[in-house]
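The values are calculated or read from the model by the stated rules, or taken from the named source; none is laboratory data. Just so we're clear, the structure is a prediction, and the values are computed from it rather than from any experiment. All Cβ positions, glycine included, derive from the backbone under ideal geometry; neighbour counts span all protein chains shown. Accessible surface is based on the protein model in full, side chains and every heavy atom, while ligands, DNA and RNA are left aside. Shrake-Rupley method; radii C 1.70, N 1.55, O 1.52, S 1.80 Å.
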Amino acid sequence: MTSFQSLAALVDARLAAVFATLGLPAHLARAQTSDRPELGDLQCNGALAAARDARRPPRAIADDVARLLSEDDAFAEVSVAGPGFVNLRIANALLADRAAAMVDDAQLGIPDEGRGRLVVLDFGGPNVAKPLHVGHLRSLVLGESLRRIHGALGWRTHGDAHLGDWGLQMGMLSAAIRRRSPDLPYFHDDGGALPANAPVTVEELEKLYPEAAAACRADPGRMAEARADTAALQAGDPGLLALWQSLRALSLQAQVRDFDELGVVFDALDGESDVRDAVGPLVARLEASGVARRSEGALVIDVAEPEDATAMPPLLLEKSDGAALYATTDLATLEARATMPGLARVVYVVDQRQALHFAQVFRAAGKAGIGSGVELVHAGFGTVNGLDGKPFKTRAGGVARLSDLLDDAVARAEERVRESTEGAAMDERSRAALARQVGIGAVKFADLSGDRLSGYVFDVDRLVAFEGRTGPYLQYACVRLRSLLAKAGDATIGPVAPEADSERAVVLSCLGFGDAVAAAGRQYQPGIVADHAFDLAQRFSRFYADCAVLAEPDASVRAARLGLCMLVRRVLERSLDLLGIDVPERM
Ligand code: ARG
């Protein structure tokens, strides 16, 4: 349990006391980072907002606020600017005090917001028989980071891949395999044992699926076969079940390799098929209770609300041929998850193009009383784009495989690493391992920084660069700090005591770390942590250029600066850990 009070919370508390004394509304007692750092560290704009109701000029209110605040030794300087902005410069003693509290806090000021509640993170979501492609990258990287951020904030986390393993694609596959090899035992159920190994290799499977899907689209006869197989599978045909099982296992093997490559950890590799027995009873119940209604033979749930700005079509629960749908499995899955003790939140990290689907599912769940009390969040994201600004494609115009994309980034990183480690005693294996850490870290950082809803351009040369807003820049900052601290040997590390402006800027950024993580968790935006880390690393470079550390002659100043380096190192390493980015030993 942390009793850490953040600098922002402390300043807001002081402001609140002053606003109360002056009879001003409490919600306006807020400080934010100053737009003009030369005037102060923080600014409070509350006087402007309070002026109308108080029927006083904002400047006069600001003067009152400033007068009372200047009696508080938390502030070294309080001034009023423009029409009524109150600028605050935090006293160095307070910065030192908060930094000391942060150094003592194993959580580095990250608040315990989860208080042991359970959050399910639904991310990844690959479909059987389809290799992971560029579209899965963001779900995996964002999902993994959100899992770590929730964990840091005191949530119990459960990451679930929610595999797409129970739809029409399974029938398409079995029908295609039957055409190729009609004699396979799966299609002649004589009660004998069925092979556990798939009748195809993973490479064949990955070719087979697009072929089968294209054939079904082109030929209604093929589609009818696929539908018939899907229905038979879902009705429990033992041969088709055995075939399905083996194909699922085969494609999962390849997918798990990609998860590992990305350092993504799942607590469960559950899928749509895990709720297959729950779908029928759920649909029947929703129909009987009147939540769902018949419409042209299909079963739907109306989810439109009067205040909707855009049309919200009904959720399709069951088609007229009785087949259950994507939304139906999501409802059944939520019902199953709702039995997990302490479940308070489910976060679906899925392409923003599925926003309508999730809006429908969440509303239908509300109407049906499924998972009531559980907060449901669709954390959508924009597309990964090519240099032309359109969704990323391979040179041949096809969907880019995730593993090819990562290999490409690692290859480019290897060129960079070769330059940076030239002349260093480093064997090829360590160099390859380093290139992997840098290449994957680069991809992850590019994917995580900024707003998740906007797409970004996958420009591999730019994202593996050691300079600029990149993952490697941050990794390098950590490596440099480690080596600096190693060089310090057993030189005394003292309490942080900021003096110089560049040094104060670093401390202020460190002190904002806990708030940044909390905001990232509340807004489902790992980018807030990424951007905070980048900003801190930049401030640190400025400080390091401006202030001597190891070469500082005054022993107590040197100790304080080493203390600051130590704190920055911890914050940056923790940031990268929350983003799922490795810190190399050297670079
Ligand atoms: N398999 C789905 C797809 O490829 C993604 C699954 C997302 N998660 C969910 N609970 N719907 O589009």
Residues being within 13 Å of the ligand (Cβ to nearest atom) and open to solvent by 30 Å² or more (accessible area, probe 1.4 Å) - total across the range 360-391
3
Can you name the residue in the range 335-359 that is out of contact with any Phe, Trp or Tyr (no Cβ under 9 Å at 6 or more places or on another chain) and within 11 Å of the ligand (Cβ to nearest atom) and, of all such residues, is most open to solvent (accessible area, probe 1.4 Å)?
353
From the residues in the range 331-361 that are among the charged types (D, E, K, R) and part of a helix (DSSP H, G or I), which one is nearest to residue 160 (Cα to Cα)?
337
Hand me the list of helices (runs of 4 or more DSSP H) wholly inside the range 1-112 holding 3 or more residues that are farther than 30 Å from residue 575 by Cβ.
7-21, 46-54, 58-69
Out of the residues in the range 313-334 that are away from the ligand (no atom under 16 Å from the Cβ) and farther than 11 Å from residue 282 by Cβ, which is surrounded by the fewest Cβ atoms within 10 Å (Cβ to Cβ)?
321
Which one of these is over 23 Å from residue 567 (Cβ atoms) and open to solvent by less than 50 Å² (accessible area, probe 1.4 Å): 96, 100, 74, 60?
60
The one condition residue 432 fails out of (1) over 26 Å from residue 127 (Cα atoms); (2) assigned to a loop (DSSP other than H, G, I, E, B); (3) open to solvent by less than 50 Å² (accessible area, probe 1.4 Å); (4) not basic (Lys, Arg) is (2)
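Each row is one residue, and each column tells you yes or no for (1) within 13 Å of the ligand (Cβ to nearest atom); (2) assigned to a helix (DSSP H, G or I); (3) open to solvent by less than 50 Å² (accessible area, probe 1.4 Å); (4) basic (Lys, Arg).
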{"residue": "121", "(1), (2), (3), (4)": "yes, no, yes, no"}
{"residue": "145", "(1), (2), (3), (4)": "no, yes, yes, no"}
{"residue": "182", "(1), (2), (3), (4)": "no, no, no, no"}
{"residue": "193", "(1), (2), (3), (4)": "no, no, no, no"}
{"residue": "205", "(1), (2), (3), (4)": "no, yes, yes, no"}
{"residue": "221", "(1), (2), (3), (4)": "no, yes, yes, no"}
All conditions in (1) part of a helix (DSSP H, G or I); (2) surrounded by 17 or more Cβ atoms within 10 Å (Cβ to Cβ) are true of residue 496 except (1)
Can you tell me which residue is least open to solvent (accessible area, probe 1.4 Å) among those in the range 258-279 that are touching a residue at least 40 places away in the same chain (Cβ under 8 Å) and more than 16 Å from the ligand (Cβ to nearest atom)?
262
May I ask you to list pairs of residues, at least six apart or on different chains, whose Cβ atoms are under 8 Å apart, with the first in the range 50-75 being on the phi < 0 side of the Ramachandran plot and the second being among the hydroxyl-bearing types (Ser, Thr, Tyr) and surrounded by fewer than 14 Cβ atoms within 10 Å (Cβ to Cβ)?
68/21
Which pairs turn up if I take residues in the range 154-175 that are in a loop (DSSP other than H, G, I, E, B) and open to solvent by 20 Å² or more (accessible area, probe 1.4 Å) and look for partners that are within 15 Å of the ligand (Cβ to nearest atom) and hydroxyl-bearing (Ser, Thr, Tyr) with beta carbon separation below 7 Å, at least 6 apart in sequence or on another chain?
166/273; 166/329
I'd like to verify a number: residues in the range 300-312 that are open to solvent by less than 50 Å² (accessible area, probe 1.4 Å) and free of Cβ contacts under 8 Å to residues at least 40 places away in the same chain, how many?
2
In the set 412, 395, 416, which member is farther than 15 Å from residue 139 by Cβ, without any contact (Cβ under 8 Å) to a residue 60 or more places away in the chain and surrounded by fewer than 17 Cβ atoms within 10 Å (Cβ to Cβ)?
395
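Listed here are the residues, each with its yes/no results for (1) assigned to a loop (DSSP other than H, G, I, E, B); (2) open to solvent by 10 Å² or more (accessible area, probe 1.4 Å); (3) away from the ligand (no atom under 16 Å from the Cβ).
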{"site": "114", "(1), (2), (3)": "yes, no, yes"}
{"site": "138", "(1), (2), (3)": "no, no, no"}
{"site": "142", "(1), (2), (3)": "no, no, no"}
{"site": "178", "(1), (2), (3)": "no, yes, yes"}
{"site": "196", "(1), (2), (3)": "yes, yes, yes"}
